[in-house]
Each structure stands twice: as structure tokens, then as C-alpha cells.
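The values are calculated or read from the model by the stated rules, or taken from the named source; none is laboratory data. Quantities reported herein were computed from a predicted structural model and do not represent experimental measurements. Virtual Cβ from ideal backbone geometry, glycine too; neighbours counted across all protein chains shown. Accessible surface is based on the protein model in full, side chains and every heavy atom, while ligands, DNA and RNA are left aside. Shrake-Rupley method; radii C 1.70, N 1.55, O 1.52, S 1.80 Å.
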Amino acid sequence: MGIKILTHGDTDGICAAALARYRFPDAEIWFTRPIRLLRDLNTIEPGTAVMIFDVAIDEANKDQIFQRMRELAQKDEVLYADHHPLPPGTLKRDFPVTQFALDTGASSSELAFKLLIQDPKSDMDRVALWGAIADYCWDTEFVRGRLDKYDRRTIYMEAGLLTQGLGEAAGDYHFKRDIVIKLAQGTPPTEMPDLVDRALKATKREWDIYEYVKKHVVVEDNIAIVYDLPVGSLGKAALYALGITGVDIGICTRAKKDDVDISIRRRTESKIDLNELLRHVTARIGGSGGGHEGAAGATVPANLLETFLDTIKREVSPIKGMGTV
């Protein structure tokens with residue numbers, strides 16, 4: 001019944017999908033997220049090969065996701081490659097799939113290249129590098145070694161254009177699917193005029209966001225918060241909040257109907273595990289959250305935003321000794 005690629009819609013997920021599409025040119029490309037993975041798996045008929053990239057396992061649906069993977073793997077191949085931390089109490093051996101790769105220090109693109117590209121000298125390693133750079137996963141032996149094959153300034157330029165253009169595309173999955181196909185065909189980002197135009201617009205908008213953060217960021221305890229960002233990347237606004245204020249944690253929010261989307265970033269030297277923090281906080285107060293140690297996100301009901309922020313403040317506040325009164 002063919003092959004289906006299920007991948008996240010960010011640059012790392014798209015590059016991983018492009019490497020899979022290069023290996024299997026007729027594969028279908030679906031974009032998904034942790035909260036939608038179970039629903040998407042349930043729509044796939046047994047007998048279809050499935051490849052999943054850059055999609056964390058939603059803790060609330062873990063058992064059902066694994067059961068569906070098991071059902072699909074009984075009839076055909078199921079590949080899972082990801083770099084997000086596993087849900088609490090989950091081991092790698094728990095995954096009922098036929099091919100598996102998980103490394104929190106590497107990009108999903110790197111993992112896809114290692115799993116799927118049979119020629120280790122293939123120039124498709126450029127696609128893996130672009131995905132790794134986009135997700136800040138450049139400190140691996142694979143990336144360091146492959147960068148020596150090229151002028152790294154060129155690789156970084158291509159990665160920047162790809163990341164900016166895809167960020168501007170947001171939920172335009174038709175456009176993103178076209179980018180996957182072009183990358184799989186060996187076309188670099190600089191030869192995709194529509195992508196370059198989007199990248200330039202996105203970069204201009206980012207400087208506007210930077211100025212917005214400068215004017216609206218507020219510092220509460222050791223946290224810099226930007227409330228209800230009108231447009232643009234929540235994650236980058238949270239990162240700008242760190243740099244502008246010098247605190248350890250940056251948070252940016254955006255309201256949507258009855259929920260609030262939240263991105264949170266930390267300084268590199270900070271020891272706070274944001275993935276664990278958001279998983280625990282949202283499990284206790286409501287909503288969903290997770291990601292990586294240094295960059296994570298959450299969605300909480302709008303009426304619980306204040307509770308969420310108060311809880312985060314208590315968890316990340318520095319230990320204070322008794323001073324003079």
C-alpha cells in the first residue's frame with residue numbers, strides 16, 4: 001500500500017523527510033505533531049510502510065500510540081527517528097517498531113541520513129547538515145566531520161535561508177511539501193526563488209519582533225516574559241527576551257481562542273531541564289508541554305496562564321539564603 005512519511009513541519013523534520021523521499025521517491029508526505037500523531041497513525045491502513053521523523057511521543061497517548069505502531073509493524077515496516085526526550089518511564093526498547101533511532105544530542109535529519117542513505121559519501125549529507133543547523137544540533141561528530149567537506153559559510157547560509165523561509169510559511173503545508181520534494185531532488189535553498197522571497201520577508205519581520213520585544217518584555221523574578229506576541233516566532237521572541245534582559249529564562253505567549261501557546265528558552269549554561277519542567281507543570285495544572293532541555297513549548301487553557309507562570313517562577317527561582325533584615 002505504499003510508504004507514508006509522517007514528519008514535523010519545522011526545518012529538521014522537513015530535511016529528514018527529504019532524505020526519506022530521496023530514498024523512496026514515491027512516498028507520501030504528511031505533516032504531524034505529537035498531539036496529532038495518534039490520530040494520523042489511526043488513519044493509516046495496515047500493510048503500509050510508515051516512517052516517523054522529529055515527532056515526540058505524547059505522554060498522554062503513549063500507550064495508544066505504541067499499540068497502533070505495533071499493529072502497523074505486524075504488517076509492514078515502521079521506522080521511528082527522533083531526538084526528543086522520551087516520556088517518563090519509557091525505554092527505547094518499548095518502541096514496537098522495526099527500525100528505531102533516538103539521540104537527544106543529534107538532529108532527526110542526521111538520524112535519517114544514517115538510517116536511510118546507503119552511500120555514506122552522498123551529497124545528500126548537505127540536507128542533513130541544514131536540518132541539524134536549523135535545530136542547533138551542530139555539535140556532533142557527524143556534523144563536524146561533514147562540514148569539513150564544504151565551505152561551512154555556504155552551508156550555514158543555505159540553512160539560514162531554509163529555516164527563515166519555512167518559518168514564514170508556518171502552516172502552508174502545500175508549500176512545505178513542495179520544499180521536501182525539491183530538497184529530495186538535490187535542489188539547494190538558494191535555487192528556490194519562492195523560498196528565498198519568504199526568507200527575506202521573515203528576516204525583516206524578525207528585526208521588527210526584536211524591537212517589539214525590547215519595548216514590551218517584562219522581567220519577573222529571573223524570568224523575562226513577552227505577553228501575547230502579535231505575530232512571528234514565539235521561540236525567537238523568547239530567545240530575544242533572554243539576550244535583551246540578561247536573565248536565565250525567556251518566555252513568550254500568544255492567545256488563541258480558549259488556549260495560550262507558550263515558548264520558553266533558557267541560557268546555555270543554565271541547568272534547568274525545560275522539557276521535564278513543562279511536562280510536570282502541565283501534567284499538574286492542565287494543558288500539554290515538552291520539547292528539549294534548552295527549548296520547549298506548552299499549550300495551556302487561557303484561564304490557567306497565570307497559574308502556569310506562577311508555577312514556573314517558583315520552580316526556576318534561585319535559592320536565596322537568609323540575609324539581613
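Given the criteria more than 24 Å from R23 (Cα to Cα), within 15 Å of the chain's Cα centre (by Cα) and among the small types (G, A, S), does A170 qualify?
On the way: more than 24 Å from R23 (Cα to Cα): yes; within 15 Å of the chain's Cα centre (by Cα): yes; among the small types (G, A, S): yes.
When the stated conditions are applied, A170 passes them.
Would you check if V226 is within 24 Å of the chain's Cα centre (by Cα), over 25 Å from H84 (Cα atoms) and open to solvent by less than 60 Å² (accessible area, probe 1.4 Å)? Steps first, please.
Working: within 24 Å of the chain's Cα centre (by Cα): yes; over 25 Å from H84 (Cα atoms): yes; open to solvent by less than 60 Å² (accessible area, probe 1.4 Å): yes.
For V226, the condition - within 24 Å of the chain's Cα centre (by Cα), over 25 Å from H84 (Cα atoms) and open to solvent by less than 60 Å² (accessible area, probe 1.4 Å) - is met.
So that you can scan it fast, the table gives a plain yes or no per residue for (1) open to solvent by 20 Å² or more (accessible area, probe 1.4 Å); (2) at pLDDT below 95; (3) not in a strand (DSSP E or B):
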site	(1), (2), (3)
D12	no, no, yes
C15	no, no, yes
R21	yes, no, yes
I52	no, no, no
I57	no, yes, yes
N61	yes, yes, yes
D76	yes, no, yes
H84	yes, yes, yes
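Taking the condition closer than 17 Å to G131 by Cβ, in contact (Cβ under 8 Å) with a residue 60 or more places away in the chain, among the hydrophobic types (A, V, I, L, M, F, W, C) and open to solvent by less than 50 Å² (accessible area, probe 1.4 Å), does I29 pass?
Values: closer than 17 Å to G131 by Cβ: yes; in contact (Cβ under 8 Å) with a residue 60 or more places away in the chain: yes; among the hydrophobic types (A, V, I, L, M, F, W, C): yes; open to solvent by less than 50 Å² (accessible area, probe 1.4 Å): yes.
Answer is yes for this residue.
Quickly run through segment 20-38 and pick out the residues that are among the β-branched types (V, I, T), under 30 Å from D123 (Cβ atoms) and under 16 Å from the mean Cα position of the chain (by Cα).
Residue satisfying the conditions is T32 alone.
Tally up the residues in segment 86-113 that are of a type in the set (K, R) and either crowded, with 17+ Cβ neighbours inside 10 Å or within 18 Å of the chain's Cα centre (by Cα) (or both), please. Give the derivation first.
Quick first cut of segment 86-113, residues of a type in the set (K, R) only: 92-93.
From what's left, either crowded, with 17+ Cβ neighbours inside 10 Å or within 18 Å of the chain's Cα centre (by Cα) (or both): none.
Number satisfying all stated conditions: 0.
Can you find a residue in segment 213-223 that is of a type outside the set (A, V, I, L, M), at positive phi and surrounded by fewer than 17 Cβ atoms within 10 Å (Cβ to Cβ)? Working first, answer last.
Narrowing segment 213-223 to residues of a type outside the set (A, V, I, L, M): 214-216, 220-222.
Restricting the remaining residues to those that are at positive phi gives 221.
Now narrow it down to the ones that are surrounded by fewer than 17 Cβ atoms within 10 Å (Cβ to Cβ): 221.
Looking through segment 213-223, at least one residue is of a type outside the set (A, V, I, L, M), at positive phi and surrounded by fewer than 17 Cβ atoms within 10 Å (Cβ to Cβ).
I'm trying to understand the selection: among the residues of segment 276-291, which are crowded, with 20+ Cβ neighbours inside 10 Å, touching a residue at least 60 places away in the same chain (Cβ under 8 Å) and of a type outside the set (G, A, S)?
R279
Can you confirm whether D139 is touching a residue at least 24 places away in the same chain (Cβ under 8 Å), in contact with a His (Cβ under 9 Å, 6 or more places away or on another chain), open to solvent by 20 Å² or more (accessible area, probe 1.4 Å) and not β-branched (V, I, T)? Working first, answer last.
Working: touching a residue at least 24 places away in the same chain (Cβ under 8 Å): yes; in contact with a His (Cβ under 9 Å, 6 or more places away or on another chain): no; open to solvent by 20 Å² or more (accessible area, probe 1.4 Å): yes; not β-branched (V, I, T): yes.
For D139, the condition - touching a residue at least 24 places away in the same chain (Cβ under 8 Å), in contact with a His (Cβ under 9 Å, 6 or more places away or on another chain), open to solvent by 20 Å² or more (accessible area, probe 1.4 Å) and not β-branched (V, I, T) - is not met.
Which count do you get for residues in segment 155-187 that are in contact with a helix residue (DSSP H, G or I) (Cβ under 8 Å, 6 or more places away or on another chain) and acidic (D, E)?
Counting residues in segment 155-187 that are in contact with a helix residue (DSSP H, G or I) (Cβ under 8 Å, 6 or more places away or on another chain) and acidic (D, E) gives 2.
Anything in segment 292-313 that is open to solvent by 20 Å² or more (accessible area, probe 1.4 Å) and closer than 16 Å to L234 by Cβ? List them, or say none.
Those that are open to solvent by 20 Å² or more (accessible area, probe 1.4 Å) and closer than 16 Å to L234 by Cβ: H292, G294, A295, G297, T299, A302, L305.
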